[in-house]
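Each remark here refers to the structure printed beneath this line.
Coordinate-derived values only; no laboratory data. Fair warning: this is a prediction, and the values are worked out from it, not measured in the lab. Note that we place each Cβ from the backbone using ideal geometry, even for glycine, and neighbour counts take in every protein chain shown.
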Amino acid sequence: MRARVAVVAIVSFFVVLAGFALEGVQCVPYTPPVDANGHPYWDLERKSRAHGAPLPLLTTKEIDRWSPPASQRLRSLYLADRYSLQRDEYDRSRNYYPAYYPVYYPPDAYEVAFNASGKLYFSGTDNEDSWCSGFFVDANVIMTAAHCIFDNVKQQYSAGLHFARGEGTSRGEDYPIVKAAFYDEWRTSDYPGMFDYAFLLTSTRLPQDVTPLAITELTKETDWMTVGYPQTYDAGGVDLSGGGSMLYVIGSLAYRSEMILMNGNSMKKGSSGGPWVPNSYVGGPYGTTVISVSSKMGWLSGTMWGPLLDSRTLALRDYLKGECVDSH
C-alpha cells in the first residue's frame, strides 16, 4: 500500500508527455552479448573480473555554473588539482566522514531500493569489462547514469550491456538489455551533468512481488540514502574496498540547482547510476521514490553530484517503452 501511495503522488509532479515523439533522444538497440563459442558472455568468471567504472568529474564550466557561493573560495584549489579531493578543507567544514552499511539479502519487502537495485555490466570504451549501479523504475525499465552507456569524452558507446539485480547475493537475477535511451544533451551540452541519466529496456520483467522505485522531483530538503556497488569508497581520507558489494550511505542536501549536491557520499568506482532515495534512516530504509542518481564526484571528499529529475526524465522513460527506435 505504501508503494501505491507513492506512485499516485508522483503524477502530480509531472506533465505526462505520452503520445508525442521526443526530439534529441539517442535510442540504442542491444542484443544479449555472447562469447566466441556462442555462450552467454557474462558468466560468473567474467563478472568476477570486471572492475568498477570511474565516476566523471565536473567540467570547468559546470564548476562555474553550479558551485555553491560558499564554495567559490575552493574553486582555484579544485581546478589546480581536480583529481585530488581537498580532504583538509573537507575536514574543517564537515568534521566527519560518512558511515557505510552493507545490505544483507534477502531484504524485507518494504526495502524497495535494495530489492530494485543491481549491477550494470558492460564493456567500456577501453575494452575492459566494467560495472555501474542501476535500479528498476518500472517492471522492465532500469535507470542508471548516461556515462555508463556513452562516453561523452571519447564519443563512444558502451557494449555488451547486462543487468544483474541483487548481484552477489542469493537473489541475484539476470536481465538482458534490449534497448537504451538518453538525451542527446549528454553528448553535446557544455553542462552534460544535467542529463547524466539513461533508461534501459529489459527483455524480462521484475517478479510481481518486487516494487520498482518511482521517479519524483526533489521538492524539499531532506535526508536520503544512496545505494550502490562501490569498488572503493573514502573513509577518513583512506580509500577502502567496497568489494563491489551493495552498500548504502545516509546523506543530505548540500546545494540544489540544475544538479543536486549531496553531502555524506564518498562512493567511488562502480557506484555510478545508483539511486538517491529520500525518507530513509539507518537500520530501516523505507523510501519508495528516487530523486537522483550518482553522477559526478564533488570537489570535496564526501560529496557527490546528481542530476535534478523532472518531467523530461519521466517522458524519456515512457518514450523508451514505446516509440524509441534506433537513432545512433
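Packing here is the average count of other Cβ atoms within 10 Å per residue, and on that basis the peptides 54-61, 267-274, 203-210, highest first, run 267-274, 54-61, 203-210. Only lysines eight or more places from residue 321 in sequence, or on another chain, were considered; those with a Cα closer than 20 Å are 179. For the stretch 21-67, the spread of Cα coordinates along the three principal axes comes to 50, 35, 13 Å, biggest extent given first. Residue 189 to residue 217: FRET efficiency via 1/(1 + (r/R0)^6), r the Cβ-Cβ distance, R0 25 Å, to the nearest 0.05? Once rounded, the FRET efficiency stands at 0.80. Distance between the modelled labels on residue 127 and residue 43, one decimal in nanometres: 2.1 nm (7 Å Cα→Cβ projection).
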